[in-house]
Amino acid sequence: MSSKSFQTLAATLGMTSDTQFGAVTPPLHLSTNFTFDGLGRRREYDNSRSGNPTRDLLADAIAKLENGYGAIVTSSGMSALTLLTHILPPQAHVLAPHDCFGGTHRLLTALEKKGVLSVSFIDFSDLKELERDLIQGADLVLVESPSNPLLRIVDLKKIGDLCKEHDTLYAVDNTFLSPALQRPIELGANLVIHSTTKYLNGHSDVVGGAIVADTQDLHSQLTWWANCTGLTGTPFDSYLTLRGIRTLFARMRTHLENSAKLVNLLTQHPAVKKVYYPGLESHPGHHLAKEQQSGFGAVISFEVQGGIDQVKVLLEHLKLFTLAESLGGVESLVAHPATMTHASMTAEARKRAGISDQLLRLSVGIEDGDDLLRDLKKSLDEVQNSRIKLNQAAAKDGLLPMGLI
């Protein structure tokens, strides 16, 4: 299907489906239980934990947008990942990214400590390392592309080919791009995971998750375990997320436009040490991202020149970027991964992943791009002025040559 077709799907799925009153917008079904037609005669729904019309509309929308067989809507992105672990065999071995989301790292290491599974955190850009691990035995390959927070890109199709060759379940976390910009099932993934809290909902007012399966068998297994464990999402959250999906493609266009403006500033400003963004030709994954994505995303990570004091200066002067975790909402956010999203990782694990104390992650919103540009530039200028003052003081004390910044 063309991207235009997917955009139309996002805007129209579930609309005009009400057969009782002909409502254009689908109704919200909050009921926790549903009547039986008689003894032993169950209707389509009986209890909202196991099935709900509103949640099913959302699941259908996400599955269609990802070109999957079916989807399960869960209470959060982490519960979607937890649900995935329930369909693995006992003592399963999982291969996960060495630079994955801190919550993913925490869950997998905690399950390993409990003896539920074993995990190897590897660099998926090294396909030879992946193949060696697959030969030794693995039950699940779990990938993030782009990764969180350094936006590394891995070859989803080649990884998929290797997983198919070794008969290994293959899951991709697509939260950072959404199906508007990437559809991993088309590249060989068996499962796609989402924190619907992010771009799919898009308004920072719902916590939710989803997992999309490429086959009926996988979908059936996930459905059974979702009902058994009670990990399913609520009807009201599903209603809001479905509403958010209708504007996904329109929002994403503005996200991308604003991101391009900010990246240009960050790559030129002297207060910035390094920029991580796949849209840059200098990014190691740039050409691969162009092949498997239809856009470079609206998350930008960068390192500030200097130390943690300069990071504080930047954060104190930003007005339009709110210091908060999460991403993908209409509002712009800034996060400090080392103390926020990835704080649960050990210092050693963060170092291996390349997450420094100078690293900041921007989630670029849909505000006026020029306003965001002025705000970020003014704050970076303050960082540069701070560095100049520090170096002037050091030079005066004879610690540095005058003029070295």
Can you pull out the residues in segment 247-259 that are touching a Gly at 6+ places or on another chain (Cβ under 9 Å) and surrounded by 15 or more Cβ atoms within 10 Å (Cβ to Cβ)? 247, 248, 251, 252, 254, 255, 256, 258, 259
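Does segment 43-56 include one or more residues that are small (Gly, Ala, Ser), in contact with a Pro (Cβ under 7 Å, 6 or more places away or on another chain) and either within 29 Å of residue 182 (Cα to Cα) or in the same structural domain as residue 180 (by TED's automatic domain parsing) (or both)? Break it down stepwise before answering.
Restricting attention to segment 43-56, the residues satisfying the condition of being small (Gly, Ala, Ser) are 48, 50-51.
Next, from what is left, pick out any that are in contact with a Pro (Cβ under 7 Å, 6 or more places away or on another chain): 48.
Okay, now just the ones that are also either within 29 Å of residue 182 (Cα to Cα) or in the same structural domain as residue 180 (by TED's automatic domain parsing) (or both), so 48.
Yes, segment 43-56 contains a residue that is small (Gly, Ala, Ser), in contact with a Pro (Cβ under 7 Å, 6 or more places away or on another chain) and either within 29 Å of residue 182 (Cα to Cα) or in the same structural domain as residue 180 (by TED's automatic domain parsing) (or both).
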Of all residues in segment 52-66, which are in a helix (DSSP H, G or I), surrounded by 24 or more Cβ atoms within 10 Å (Cβ to Cβ) and either at positive phi or charged (D, E, K, R) (or both)? 55
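Listed here are the residues, each with its yes/no results for (1) touching a strand residue (DSSP E or B) at 6+ places or on another chain (Cβ under 6 Å); (2) within 23 Å of residue 72 (Cα to Cα).
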| position | (1), (2) |
| --- | --- |
| 131 | no, no |
| 134 | no, no |
| 158 | no, no |
| 169 | yes, yes |
| 178 | no, yes |
| 197 | no, yes |
| 209 | yes, yes |
With the requirement that a residue be among the polar types (S, T, N, Q) and crowded, with 19+ Cβ neighbours inside 10 Å, what does segment 263-304 give you? 292, 293, 301
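Only one residue in 349, 289, 353, 343 is modelled with pLDDT under 95, in contact with a Phe, Trp or Tyr (Cβ under 8 Å, 6 or more places away or on another chain) and at negative phi. Which one? Break it down into steps so the answer makes sense when it comes.
On the way: 289 fails: modelled with pLDDT under 95; 353 fails: in contact with a Phe, Trp or Tyr (Cβ under 8 Å, 6 or more places away or on another chain); 343 fails: in contact with a Phe, Trp or Tyr (Cβ under 8 Å, 6 or more places away or on another chain).
Testing whether each residue is modelled with pLDDT under 95, in contact with a Phe, Trp or Tyr (Cβ under 8 Å, 6 or more places away or on another chain) and at negative phi leaves just 349.
Here are 32, 12: which of them is under 20 Å from residue 229 (Cα atoms), modelled with pLDDT of 90 or more, among the hydroxyl-bearing types (Ser, Thr, Tyr) and loosely packed, with under 14 Cβ neighbours inside 10 Å?
Only one candidate passes the filter, namely 32.
Residue check: is residue 266 in contact (Cβ under 8 Å) with a residue 12 or more places away in the chain, out of contact with any helix residue (DSSP H, G or I) (no Cβ under 6 Å at 6 or more places or on another chain) and either under 18 Å from residue 148 (Cβ atoms) or not polar (S, T, N, Q) (or both)? Give the steps one after another, and end with the answer.
Numbers: in contact (Cβ under 8 Å) with a residue 12 or more places away in the chain: yes; out of contact with any helix residue (DSSP H, G or I) (no Cβ under 6 Å at 6 or more places or on another chain): yes; either under 18 Å from residue 148 (Cβ atoms) or not polar (S, T, N, Q) (or both): yes.
It is true that residue 266 is in contact (Cβ under 8 Å) with a residue 12 or more places away in the chain, out of contact with any helix residue (DSSP H, G or I) (no Cβ under 6 Å at 6 or more places or on another chain) and either under 18 Å from residue 148 (Cβ atoms) or not polar (S, T, N, Q) (or both).
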Take segment 211-239 and flag every residue that is closer than 14 Å to residue 77 by Cβ and hydrophobic (A, V, I, L, M, F, W, C). 211, 212, 231
Test: residue in segment 329-345 that is under 18 Å from residue 379 (Cβ atoms), of a type in the set (Val, Ile, Thr), surrounded by 15 or more Cβ atoms within 10 Å (Cβ to Cβ) and under 17 Å from the mean Cα position of the chain (by Cα): yes
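So that you can scan it fast, the table gives a plain yes or no per residue for (1) among the aromatic types (Phe, Trp, Tyr); (2) under 19 Å from the mean Cα position of the chain (by Cα):
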residue: 102; (1), (2): no, yes
residue: 169; (1), (2): no, no
residue: 176; (1), (2): yes, yes
residue: 183; (1), (2): no, yes
For residue 200, indicate whether it is within 21 Å of residue 326 (Cβ to Cβ), crowded, with 24+ Cβ neighbours inside 10 Å and in contact (Cβ under 8 Å) with a residue 40 or more places away in the chain. yes
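The values are calculated or read from the model by the stated rules, or taken from the named source; none is laboratory data. Note that the coordinates shown come from a computational prediction; the quantities given were computed from them, not determined experimentally. Glycine also receives a Cβ, built like all others from the backbone with ideal geometry; neighbour counts cover every protein chain displayed.
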